[in-house]
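The values are calculated or read from the model by the stated rules, or taken from the named source; none is laboratory data. Every value quoted in this text rests on a predicted model; they were computed, and no experiment measured them. Counting neighbours? That spans all protein chains shown, and the Cβs are built from the backbone with ideal geometry, glycine included.
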Amino acid sequence: MRTLQDRKHEVVGLDIRDSPFSTYVGSIADRACVRRCMKGVQAVLHAATLHKPHVATHARQEFIDTNITGTLNLLEEAVKQGVESFVFTITTSAFGSALVPPPGAPAAWVTEEISPVPKNIYGATKAAAEDLCQVFHRNYGLPCLILRTSRFFPEEDDNRRVREAYSDDNAKANEYLYRRVDIEDVVSAHLLALGQAPTIGFRKYIISATTPFLPEDLPGLRTDAPRVVRRRVPTYGAEYQRRGWKMFPTIDRVYVNERARKELGWEPRFAFAYIIARLRGGEDLRSTLARTIGSKGYHDKVFADGPYPVE
């Protein structure tokens, strides 16, 4: 919303809370509200969701209402309106159990070809919503691209052991190797998807920082990740030593953004080596946009142990 407004696009924002970027306050589960918002719209960015942080605090029916019924409302009204581009945002956590390799196996090389294995109501509803998007493209010709983003929220890690063992910036810097992306790069991917959806039609893309790893690194990542990182990004060691930081001992998955770079022409800036260069130059590891947005939180309630309860 900030970027589109800055570029002088006419933007309609729908959110459940009022803000300087909300034209309408309401829910995508409300068909009448969606219909009002869709009038005159040429493109839709669908990022509304209940997601992983809400699994332990919201009823399953609420996930159905927002993630499935809400998506259906948007798709049907988009078809009626003759929308030219529909971009659906989900997260890589929707892959679920497909991300977890068995003990002793190499790290998972995660591409769009991997089929999600939902492990909770969030994953199940997002997989169903993806299928709805494909149906509406196939049956009604709605151009629809699905962007599966990796972590970009600034909140602290939900894993207590990570919070206790690593500073927040240390943990997030490590994640740029395999499972994190800056919001600036997320935005640029969405804008490219909006422009290219009519040509591409239907496609799924992983939106994550470009990894320095190669498939042959996967066994080593499970047994000695620091050694692999030293080989691929040798400049990181001195900066980590200066800050008293440390690398994760093992890495169990690597998100691969090759399809998005090739087909969308996406050029994410915030890769691990770039993060190291920023830190070495005394800069924040986050982009200006990420710092401007800041932390919005997941819930009104503050929890004693972590940013949200883990089911």
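In table form, for the structure just shown:
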| item | result |
| --- | --- |
| Restricting the range 178-203 to residues that are in a loop (DSSP other than H, G, I, E, B) and not basic (Lys, Arg), the residue that is surrounded by the fewest Cβ atoms within 10 Å (Cβ to Cβ) | 201 |
| Qualifying positions in the range 96-113 - more than 21 Å from residue 193 (Cα to Cα) and out of contact with any Asp or Glu (no Cβ under 8 Å at 6 or more places or on another chain) | 96, 97, 98, 102, 103, 104, 105, 106, 109 |
| Hits in the range 278-298 - residues which are under 17 Å from residue 3 (Cα atoms) and either assigned to a helix (DSSP H, G or I) or modelled with pLDDT under 95 (or both) | 288, 289, 290, 291, 292, 293, 294 |
| Failed item in (1) out of contact with any strand residue (DSSP E or B) (no Cβ under 9 Å at 6 or more places or on another chain); (2) touching a residue at least 12 places away in the same chain (Cβ under 8 Å); (3) surrounded by fewer than 18 Cβ atoms within 10 Å (Cβ to Cβ); (4) part of a helix (DSSP H, G or I), with residue 171 passing the rest | (3) |
| Checklist (1) out of contact with any Leu (no Cβ under 6 Å at 6 or more places or on another chain); (2) in a helix (DSSP H, G or I); (3) more than 21 Å from residue 145 (Cβ to Cβ) applied to residue 247, failing item | (2) |
| Selected residue (criterion: nearest to residue 248 (Cα to Cα)) from residues of the range 205-232 that are surrounded by fewer than 18 Cβ atoms within 10 Å (Cβ to Cβ) and touching a residue at least 40 places away in the same chain (Cβ under 8 Å) | 219 |
| Looking only at the range 250-272, and only at residues there that are outside any helix (DSSP H, G or I) and among the small types (Gly, Ala, Ser), the one that is farthest from residue 106 (Cα to Cα) | 265 |
| Residue, surrounded by the fewest Cβ atoms within 10 Å (Cβ to Cβ), within the range 42-62, restricted to residues that are in contact (Cβ under 8 Å) with a residue 40 or more places away in the chain and more than 25 Å from residue 77 (Cα to Cα) | 56 |
| Residue 124 of a type in the set (A, V, I, L, M) and either closer than 25 Å to residue 200 by Cα or assigned to a loop (DSSP other than H, G, I, E, B) (or both) | no |
| Hits in the range 251-269 - residues which are in contact (Cβ under 8 Å) with a residue 60 or more places away in the chain and out of contact with any strand residue (DSSP E or B) (no Cβ under 9 Å at 6 or more places or on another chain) | 251, 265, 267, 269 |
| Residue in the range 70-87 that is nearest to residue 135 (Cα to Cα), counting only those that are of a type outside the set (Gly, Ala, Ser) and surrounded by fewer than 17 Cβ atoms within 10 Å (Cβ to Cβ) | 79 |
| Candidates 71, 57, 89, 3 - the one that is in a strand (DSSP E or B) and not charged (D, E, K, R) | 89 |
| Test: residue in the range 109-119 that is over 21 Å from the mean Cα position of the chain (by Cα) and surrounded by 17 or more Cβ atoms within 10 Å (Cβ to Cβ) | no |
